[in-house]
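Since every read-out is calculated from the coordinates, none of them should be taken as a lab result. The structure presented is a predicted model; accordingly, all values stated were derived computationally and were not measured. FYI the Cβ positions are ideal-geometry reconstructions off the backbone, even for glycines, and counts take in every protein chain you see.
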Amino acid sequence: MSALKRRLFDFCPGEFTFRLGTETKIMGVLNVTPDSFSDGGLFLDAGLAEARALQMEREGAHFLDIGGESSRPGARPVPEKEEIRRVVPVVKRLAGKIKIPISVDTTKYGVARAALDEGAAVINDITALKNNKRLAKLIARAKAGVVLMHMRGTPRTMQKNPAYRDVTKDVLCFLKRAVSEALETGIPKSRILIDPGFGFGKTVDQNLRLLSHLDDFAGLGCPLLVGLSRKSFVGHAIAAAVNDRLYGSLGAAAVAVQRGAHVLRVHEVLPHRQLAALMDRTLATEGVR
């Protein structure tokens, strides 16, 4: 598999500016939920969440992504008030303490508004703002960044016989529309990341096919974020339980960087930061970047 030259982009969420493409960026995951598939229940206490966030910043994270609603397969929706109760105090506590942008993983207008008011700079929406122009306009007004992700169905239904004519082409078409609709609501490309949604309504083979064809997404004209860390397709590929998937996650991340990914969304920051640094250095030495 040959390496590919990443396109260069400026990503400008809020008051931050990142040059994407010369160095792989790392987004650390912080779930303040009782039921996330990987770290659910570990960081419900705001003090523990703060300590974990500061640790990820020290380890080299470029972004912090806070989630208050599990999106694991079969997960039930969380009421907006409960999600705000989980997320916003952590955002407020961290906004003045960490220097990296805070992203909030939510689909809800009220959660996004409260988080942005407390200092969040990015909204990570697993529905890609689908049928939610109110949220899109909020993001545009706030000059926040947004992650537009592909998902088939909802977390409760997404793994029920996922079928595509061609998974790569279908996801590409979806994200192309999502980017176009975001632009129409006033969100510029300089504030958009796209995410093909590994594990969100895809079989093991469909995920692997997407991974091997990541370079196809370069044509959308937006930087590419991928969330591969501890995903079930990684576990199936290496026959490993959730907490034993680090090495498989690193292997998948290496392929993603080689195929043009700009941002890795991960649970373990330090090993992914080291992997990405070595990949970036090696590919630059080869004259690929």
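Be a star and scan the range 147-166 for residues whose amide nitrogen sits under 15 Å from the point 7 Å along the Cα-to-Cβ vector of Asn131. Only 151-158 pass the distance filter.
With a simple spin-label model that places each label point 7 Å from the Cα along the Cα-to-Cβ direction, the separation between Glu59 and Arg7 comes to 3.2 nm. The residue among Val167, Gly21, Leu48 whose Cα reaches farthest toward the positive pole of the charge dipole of the chain, with charges on the beta-carbon of Lys, Arg, Asp and Glu, is Val167.
Placing +1 on the Cβ of every Lys and Arg and -1 on the Cβ of every Asp and Glu, with nothing else charged, gives the range 21-284 a dipole about its Cα centre of roughly 580 debye.
Counting only helical runs of four or more DSSP H residues, what would the 222 nm mean residue ellipticity of the chain come to if each run contributes -39,500 (n - 2.57) and the total is spread over all its residues?
So the calculated ellipticity at 222 nm is -12000 deg cm²/dmol.
For the cross-link pairs Lys25/Lys97; Lys99/Lys143; Lys108/Lys130; Lys25/Lys231; Lys99/Lys130; Lys160/Lys189, which exceed 22 Å when the distance is taken from alpha carbon to alpha carbon? Mind showing how you got there, number by number?
On the way: Lys25/Lys97 20 Å; Lys99/Lys143 18 Å; Lys108/Lys130 11 Å; Lys25/Lys231 19 Å; Lys99/Lys130 31 Å; Lys160/Lys189 33 Å.
Too far apart for the 22 Å limit: Lys99/Lys130; Lys160/Lys189.
Projecting the Cα atoms of Ala75, Pro89, Leu183 onto the charge dipole of the range 21-284, computed from C-beta unit charges around the Cα centre, puts Leu183 farthest toward the positive end. Extension gain for Ala240 to Glu15 (0.36 nm times residue separation, less C-alpha to C-alpha distance): 76.9 nm.
A cut-off of 5 Å between modelled amide H atoms, ignoring neighbours fewer than 5 places along the same chain, links Asp10 with Leu20.
With R₀ set to 30 Å, the beta-carbon distance separating Thr282 from Lys189 gives a calculated FRET efficiency near 0.55.
If you stretched the chain out fully between Thr22 and Lys99, how much longer would it get, using 0.36 nm times the residue separation minus the C-alpha to C-alpha distance? List each step's numbers first, then the result.
On the way: separation 77, 0.36 × 77 = 27.72 nm, distance 2.07 nm.
Extra length from Thr22 to Lys99 when fully extended: 25.7 nm.
Per-residue 3J(HN,Hα) values for the range 147-153, derived from phi via the Karplus relation 6.51 cos²θ - 1.76 cosθ + 1.60 with θ = phi - 60°, read 9, 9, 10, 8, 9, 8, x Hz in sequence order (x marks Gly and Pro).
Just want the ordering: Arg191, Arg265, from fewest to most Cβ atoms lying within 10 Å of their own Cβ.
On the way: Arg191 23, Arg265 27.
Listed from fewest to most nearby Cβ atoms, that is Arg191, Arg265.
Between Val204 and Lys176, residue separation times 0.36 nm minus the direct Cα-Cα distance comes to 7.7 nm.
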